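What follows is one structure encoded as structure tokens, with my remarks underneath.
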Amino acid sequence: MVKFLQYSIFSLLLLPAIVLEAAVTLELSRSTISMDETVDLILHHDDAGFTRNPEIPLPDGLQVRGTSRQETIVNFERESTIRYTLKASSPDTYTIGPFTLKTAQGEQVIPALTLTVTEAEVVKTSDGLFVTLTPSRSKVMVRETIELTLSFYSKNNVGQINILNFPSEGFDITEWQEFRQPNKIVDGERFQVRSFSARLTPTRSGTLELDPIFQVDVLDPSAPRGMFFQSRARSVRLKLEEPLLLDITSPPAEGRPDSFTGHLGNFRLSASASPTEVTAGDPITLRVELSGSGSLKQALPPGLKESGDFQVYKSRLVNEDFQRDGLSGRKIIEQVIIPTHSGVTEIPAVEFSFYDTSSRQYQTIRTDPIPLKVLEGAPGQDRAASISSLTRPLPEASPSMLGEDLIYLKLRPGNLRDLENLEPGWDFTGVSTLPFALWGLFSLVLNRREKRLGDLEGTRRQQAPRRLRKHLNRLDQSSEDLYATVWTLLSDYLGARLNLPAGELNPHEVMQHLPASVSDECREQLSGWMSRCERARFAGGKVEGSDENLRREFREFILNLDRELTA
Amino acid sequence: MKRWCILLLFFWGPIRAETPFEQARTLYDAGQFEQALDLYQSIPGHSAGLDYNIGNTLMRLGRQPEAIAHYRRAQWLRPGDPDVQANLNRAVAQTGAIVPPLPLYRRWSGILDAAHWQLAFISLCWLGAAFGLSRRFSPRLRLAGAWVFPLLIVCLLLLGAGTWASRPGHFFDEGVVLNDSVTVRFEPLPDATGHFSLPGGSVVKLMEQNRNWRRIRTDDASGWVPEDHIQPLAPQ
């Protein structure tokens, strides 16, 4: 019984752990798809702790085209879904798994899944839908451009169109451009037509077979509309009724000029040079323009070839303009050439050979020779050897330029200065820092002034010695009663120095406020002078001694007191 | 008095003496390039315009490397001048010289010349100090200080950078190869192994001196050349 209870408790304790174990499942959205379809491999898990999408081992021939992740939290339980969009490279039966997946709770074995991929169904016509591909010519030459027209005939609206397996070798092709086409009647039935055109230029001879597959979304008006009332579309894979075969030939060997470099079309050639009056060794810019239509994109205007008369440098393309058709236009090159001696009288003609597709024969076009006047260069001046400058880009010349020369002198010299004086030196530093120094100085003065204005006691105390000296000067000239003058001076000085109001100025108060720096002797003298003044003022006491002596005594005393107070 | 002033103004144009700069131009127009050059070189002081005109005169005399030296100095003094650049390009095309582009800081600071940068910097210092002082007397200015001072500091930094970038001392260590071509040697000895050669007119950095040899540096190599083969850009 006890054992049963023990097992029961153990089982109860284990239960949450079993419930909490992450459940990982893997499934396919469909088990059979065609080659043009994709399938979703869906991984469900309840918080398996995947920080990144786990890697699923896939058999050869299956590729992941994309992944998406969705997380939902319901009743505090998290559930995650990871979708792997798969695409097969060939029709086959594929087995995914079994494999082991590592989760936060441990490893989990995922059972095998089977996916069958069948050939995609390709039709030539489908429910009033067919496609045509028409070349402007079925017999073309290498580097000759023809126009291809692709038309989709449909009784219903056609949505997106994809070309699945258009070959890409043996020719150059431009982007497909859609152009407007009216509805057409075919076999008594009205079709909507969507047409596209592109230019194709074969690059090698032989038979070129074009048998593309088109994936077309056809809007089905009879199908129920979607949630947002949009028409439903179904995807149809279409083929041409017959593959398009193009016979690509090379231009004939008969009559082919030596200078023929494989270009077809109809071209014109012109050349100009500047300057045409130079010293031997001076560079000349030769400008050659090739215009016309045909394989101009691949062609380059010819340049002058090296000869004893000229040292020539690599030409560079300076301009190219094409019409909207991409076939006709012009290309301009510039080439630096240097006449090596004064006997050179002209720049020889340059030539260009091509196969004229309209007259079906080779043509060689030439420029006219350009007359040149070459003067003898200075002895020992071998400027032609300076290659580096000529290979670097020169300023581009405009078509109307007649020549090049130095730009004329400046009419005014500008400010003439001694360059060494332009170096920022002590004077510059001084003039730059002076305003800040002045600012600081003014600020200091103003601060002190403001402080003084706010501290009247301090100001009085500070000014007391100055006022004392001023009063002492007056003491000698005063004709008033000596003690009255002395009292005025003492009260003014001590009131300011000790910050005492005039009413409190009596010997007792003064003695109390005197600082310790004042000696006893000085204190006694001060007390004596104050007593004498009071006696003289209130009791009308007589002045002892002569005025002159008293003045001298008082002067010595008060100056001594000022010194001791200052100390 | 007024009448005299008007008369003086009226006659000022015709009676004003031609300056040496104008006289040199007259000589240049007459094809007397040697005399024009002497006159230009007698003008005291330096300016981009003067160096440019000397460069043109030297070009007419076929002395391209020396012309490049003057064009280069004009380019340093006024980096944005298209005439200087065009004629320098032309001289370079004729000699094959290697002329490195001006550093970015000088091209940027070329919107003003050195004196103007300094003037602007000093003016801003005075303005800033005046503003700082006047804040004591105006509450509105005191409030404006919150954004004026950061702005002032940024402007001072910019103008300070411009002043530094435009100082002529930056090109005082540049020189131009005078001969048609010069062999740069590993050691300052006439029979030392040649390291590389430079076409005339090439702009190089001047380094130390050893007797009558000068060590020069290009973008990727250095070596010794006789001193008389190099014309320094610094005023002599």
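For the pair residue A:270 and residue B:234, what calculated FRET efficiency results from E = 1/(1 + (r/R0)^6), where r is the Cβ-Cβ distance and R0 = 56 Å, to the nearest 0.05?
0.65
Express the relative contact order of chain A as a whole percentage, based on alpha carbon pairs under 8 Å and six or more residues apart in sequence.
With pairs under 8 Å counted, the relative contact order is 8 percent.
List the relative contact order of chain B as a percent without decimals, with contacts defined as Cα pairs under 8 Å and 6+ residues apart.
Details: 338 pairs, mean separation 39.8, N = 236.
For chain B, the relative contact order is 17 percent.
Quantify how much of the Cα-Cα distance distribution of chain B extends past 22 Å, in percent.
Working: 17838 of 27730 pairs.
Cα-Cα pairs in chain B separated by more than 22 Å: 64 percent.
With solvent modelled as a 1.4 Å probe, how much accessible area in total do chains B and A shield from it at their shared surface, in Å² to the nearest 100?
Values: alone 14130 and 36170 Å², together 45880 Å².
Approximately 4400 Å² gets buried when B meets A.
Calculate for chain B the 222 nm mean residue ellipticity that helices alone would give, adding -39,500 (n - 2.57) per DSSP H run of length 4 or more and normalising by residue count, nearest 500 deg cm²/dmol.
Value at 222 nm, helices only: -17500 deg cm²/dmol.
Just tell me how shielded B:36-48 is by partners: mean number of partner chain Cβ atoms within 10 Å of each residue's Cβ, no decimals. Before the final figure, lay out each step's value.
Numbers: counts 1, 0, 0, 0, 2, 0, 0, 2, 3, 8, 9, 8, 4.
Average neighbour count from other chains, rounded to a whole number: 3.
Rounded to whole Å, give me the distance from the Cα center of region A:315-344 to that of region A:254-295.
7
Classify region A:444-504 as rounded, prolate or oblate, taking a ≥ b ≥ c as the square roots of the eigenvalues of its Cα gyration tensor: rounded when a/c is under 1.5, otherwise prolate if a/b is larger than b/c and oblate if not.
Here region A:444-504 falls in the oblate category.
On a C-alpha basis, how far is the centre of region B:141-204 from the centre of region A:132-186 in Å? Whole number, if you could?
So the two Cα centres are separated by 62 Å.
Any residues in region B:138-168 that have 10 Å² or more less accessible area with all protein chains than in their chain alone, probe 1.4 Å, and which are they?
Those residues are B:149, B:156, B:163, B:167, B:168.
Using a 1.4 angstrom probe on heavy atoms only, work out the carbon and sulfur share of the accessible area of region A:76-156 in %.
46
Explain nothing, just the number: relative contact order of region A:438-567, from Cα pairs under 8 Å at least 6 residues apart, as a whole percent.
It comes to 25 percent, rounded to a whole number.
Considering only protein heavy atoms and a probe of 1.4 Å, how much of the accessible area of region A:441-533 is carbon and sulfur, as a whole percent?
49
Report the FRET efficiency, 1/(1 + (r/R0)^6), for residue A:198 and residue A:37, where r is their Cβ-Cβ distance and R0 is 30 Å, rounded to 0.05. Walk me through the numbers before you get to the answer.
Numbers: r = 28 Å, r/R0 = 0.93.
After rounding to 0.05, the efficiency reads 0.60.
Just subtract the alpha-carbon distance of residue A:470 and residue A:244 from 0.36 nm times their residue separation and send over the number in nm, one decimal.
Additional length available on full extension: 68.9 nm.
Estimate the FRET efficiency between residue A:92 and residue A:316 by the formula 1/(1 + (r/R0)^6), using the beta-carbon distance for r and 51 Å for R0, to the nearest 0.05.
Numbers: r = 55 Å, r/R0 = 1.08.
The formula returns an efficiency of 0.40 here.
Using a 7 Å offset from the Cα along the Cα-to-Cβ direction at both residue A:172 and residue A:513, what is the distance between the two label points in nm, to one decimal?
For the pair residue A:172/residue A:513, the computed spacing is 10.8 nm.
Over chain B, with every protein chain in place, what whole percent of the accessible area is carbon and sulfur at 1.4 Å, could you tell me? Provide the component values of the computation, followed by the final result.
Values: 7450 of 12040 Å².
Ligands and nucleic acids excluded, carbon and sulfur reach 62 percent.
If the chain between residue A:277 and residue A:30 were fully stretched, how many nm would it gain, using 0.36 nm times the residue separation less the Cα-Cα distance?
Contour length minus Cα-Cα distance gives 80.7 nm.
Could the peptides A:92-103, A:510-521 be put in order, highest first, of the mean number of other beta-carbon atoms found within 10 Å of their residues?
The most tightly packed comes first, giving A:92-103, A:510-521.
Taking the highest mean first, how do the peptides B:189-201, A:449-461 order by number of other beta carbon atoms within 10 angstrom per residue?
Peptide ranking by packing, descending: B:189-201, A:449-461.
Can you classify region B:48-101 as rounded, prolate or oblate using the Cα gyration tensor, where a ≥ b ≥ c are the square roots of its eigenvalues, rounded means a/c under 1.5, and otherwise it's prolate if a/b beats b/c and oblate if not?
oblate
For the pair residue B:104 and residue A:484, how long in nm is the line joining their label points, each one 7 Å along Cα→Cβ?
Distance between label points: 8.9 nm.
Tell me the mean residue ellipticity at 222 nm calculated for chain A from its helices only (DSSP H runs of n ≥ 4, each -39500 (n - 2.57), averaged over every residue, nearest 500).
Estimated from H runs of four or more residues: -8000 deg cm²/dmol.
When ligands, DNA and RNA are left out and all protein chains stay put, how many square angstrom of accessible area per residue does region B:94-190 have with a 1.4 Å probe? Write down the numbers at each step before the final one.
Details: 5050 Å² over 97 residues.
Accessible surface, normalised per residue, equals 52 Å².
Restricting to bridges with both residues inside chain A, how much of the DSSP beta-bridge set is antiparallel, in percent to the nearest 5?
Among the beta bridges of chain A, antiparallel pairing accounts for roughly 90 percent.
Would you tell me the mean number of C-beta atoms belonging to other protein chains that fall within 10 Å of each C-beta in B:79-90, as a whole number?
Average neighbour count from other chains, rounded to a whole number: 3.
Per-residue Cβ counts within 10 Å, from other chains only, averaged over A:431-438: what number is that?
Mean shielding count: 6.
Can you work out the accessible area per residue across chain A, with the rest of the protein chains kept in place, probe 1.4 Å, in square angstrom? All intermediate terms of the calculation are to be shown ahead of the outcome.
Details: 33840 Å² over 567 residues.
Result: 60 Å² of accessible area for each residue.
Quick one: if you stick a label point 7 Å off each Cα along the C-beta vector at residue B:19 and residue B:141, how many nm between them?
Rounded to a tenth, the inter-label distance reads 3.9 nm.
Determine, for each peptide in B:164-176, B:134-146, the mean count of other beta carbons within 10 angstrom over its residues, then list the peptides with the highest first.
So the order, starting with the most tightly packed, is B:164-176, B:134-146.
With the cut-off at 1.5 for a/c, could you classify chain A from its C-alpha gyration tensor as rounded, prolate or oblate?
Oblate shape, in that a/c is at least 1.5 and b/c is the bigger or equal ratio.
The values are calculated or read from the model by the stated rules, or taken from the named source; none is laboratory data. Just so we're clear, the structure is a prediction, and the values are computed from it rather than from any experiment. Heads up, the Cβs are rebuilt from the backbone with ideal geometry, glycines too, and the neighbour counts pull from every protein chain shown. For the accessible areas, the whole protein counts, side chains as well, though only heavy atoms, and no ligand, DNA or RNA atoms are used. Shrake-Rupley method; radii C 1.70, N 1.55, O 1.52, S 1.80 Å.
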